[in-house]
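Step one of this worksheet: look at the structure below.
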Amino acid sequence: MPVLFLDCLTGMLELWQRVLRPEDPPIRVNIADGQPDGLPTLLDGFDICINDHTFFDADLLARCADLRHIVFLGTGASSFIDLAAAASRGIKVHTIRGYGDTSVAEHTIALAMAAARNVARMDRDVRAGRWRQIEGLQLYGKILGIIGLGGVGREVARIALGLGMQVLAWNRSPAAAPGVQVAALEQVLKAADILCVTLALNEETRGFLNHARLAMTKPGVILVNTARAAIVDSGALVALLRSGHIRHAAMDVFAQEPPAADDPLLAMENVTLTAHAAFMTQEATMRMLRTAFDLAVAAGA
């Protein structure tokens, strides 16, 4: 069954070539940094495609007559593909999980450290000609709370334990990790000095950390979100940052990406922001691409 990598980014091509092996069957690669032109024609004759950033709505899926499998590069396929329409047409959508757990966890800890020591704030000050030494928070011995003990959460716990932190975690279903105390949600919220959100977004977790739950946290808590912005009530977060109840928020995700110019988080000193890049390492990308190749080949077997 012929396979097309529909929209390989220019910067991704080198990594794609590095994961290929001499014995691999050929897969056609189409370079497209934006939405590819003439998609139905481009996909004519292809049963399987690898999709990085192409939007498949119901109308487009209906015009791709030969397509039977879409291998999506990541976990958030519903943001790019009308899954109900795909299912109704007998098109199976494959996603890739776990490829970036370590990279996202490392970024989560990096944000926690940056927030605890005011790294971004002092960097801005020094560049602006202000010399202001700001007292930080030592992580050793502190309690790190994890909301969502999946692959990323377990990696965050592993690193935090290596830093000498105590780790409390809550998960929606029974879960365990070495050295981690699994506890009730209320206990994690109330005890954490640093609270890391590593929870998957779905209809049950949208708005999960609302004002009532955020207000349960310890005064002076640091909140780190490398999951999805919609899990945290943005209005409540801003209010608690302004009041000082939340000492600092470090965010890699936004409701709108890039954020609107009037997003209040952009103007707050006690906020550290990155551009939804927690997963972006060569190691994670190569693992994702290799998995996508294997899924595509298996789908065609």
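Report whether or not VAL71 is touching a His at 6+ places or on another chain (Cβ under 7 Å), in a strand (DSSP E or B), of a type in the set (A, V, I, L, M, F, W, C) and at pLDDT 95 or above.
Here the answer is yes, as VAL71 does meet what is asked.
Looking only at the range 261-290, how many residues end up being surrounded by fewer than 19 Cβ atoms within 10 Å (Cβ to Cβ), of a type in the set (S, T, N, Q) and part of a helix (DSSP H, G or I)?
Qualifying residue count, the range 261-290: 1.
Quick one: ASP101 ticks every box in (1) surrounded by fewer than 16 Cβ atoms within 10 Å (Cβ to Cβ); (2) acidic (Asp, Glu); (3) closer than 30 Å to LEU83 by Cα bar one, so which box is it?
(1)
Quick check on this structure: which one of GLU155, GLU135 is out of contact with any Leu (no Cβ under 7 Å at 6 or more places or on another chain) and either among the basic types (Lys, Arg) or surrounded by fewer than 20 Cβ atoms within 10 Å (Cβ to Cβ) (or both)?
GLU135
Among what's in the range 113-150 and is assigned to a helix (DSSP H, G or I) and of a type in the set (D, E, K, R), pick the residue that is nearest to TRP170 (Cα to Cα).
Once the filter is applied, the top-ranked residue is ARG121.
Could you tell me which numbered condition SER243 fails, if it satisfies all but one of (1) polar (S, T, N, Q); (2) closer than 24 Å to THR102 by Cβ; (3) without any contact (Cβ under 8 Å) to a residue 24 or more places away in the chain?
Unmet for SER243, out of (1) polar (S, T, N, Q); (2) closer than 24 Å to THR102 by Cβ; (3) without any contact (Cβ under 8 Å) to a residue 24 or more places away in the chain: (2).
Based on this model, can you work out whether ILE159 counts as more than 17 Å from the chain's Cα centre (by Cα) and more than 23 Å from ARG97 (Cβ to Cβ)?
No: the conditions fail for ILE159.
Can you tell me which residues in the range 236-257 are at pLDDT below 95 and closer than 21 Å to THR108 by Cβ?
Listed by number, the residues that qualify are ALA255, GLU257.
Would you please name the residue that is nearest to VAL253 (Cα to Cα), looking only at residues in the range 65-81 that are buried (at least 19 other Cβ atoms within 10 Å of the Cβ) and in contact with a Phe, Trp or Tyr (Cβ under 8 Å, 6 or more places away or on another chain)?
PHE80
Return the residues of the range 91-110 that are part of a helix (DSSP H, G or I), within 20 Å of LEU289 (Cα to Cα) and under 11 Å from the mean Cα position of the chain (by Cα); say none if nothing qualifies.
ASP101, SER103, VAL104, ALA105, listed by residue number.
Within the range 6-21, is there a residue that is under 17 Å from HIS94 (Cβ atoms) and modelled with pLDDT under 95?
Checking the range 6-21: not a single residue is under 17 Å from HIS94 (Cβ atoms) and modelled with pLDDT under 95.
Name the single residue, out of those in the range 199-235 being of a type in the set (Gly, Ala, Ser) and under 25 Å from SER79 (Cα atoms), that is modelled with the lowest pLDDT.
Top of the filtered list is ALA200.
Right, ASP24: farther than 30 Å from LEU139 by Cβ and over 26 Å from the mean Cα position of the chain (by Cα) or not?
Spelling it out, ASP24 is indeed farther than 30 Å from LEU139 by Cβ and over 26 Å from the mean Cα position of the chain (by Cα).
Out of ARG130, ARG97, ARG124, I need the residue that is charged (D, E, K, R), without any contact (Cβ under 8 Å) to a residue 24 or more places away in the chain and under 23 Å from VAL224 (Cα atoms). Which one?
ARG124
Identify all residues within the range 158-193 that are surrounded by 15 or more Cβ atoms within 10 Å (Cβ to Cβ), over 15 Å from LEU223 (Cβ atoms), free of Cβ contacts under 8 Å to residues at least 40 places away in the same chain and charged (D, E, K, R); write none if there are none.
Correct list: ARG172 only.
The values are calculated or read from the model by the stated rules, or taken from the named source; none is laboratory data. In this text, all values refer to a predicted model and were calculated from it rather than measured experimentally. Note: ideal-geometry Cβ built from the backbone for every residue, glycine included; neighbour counts use all protein chains shown.
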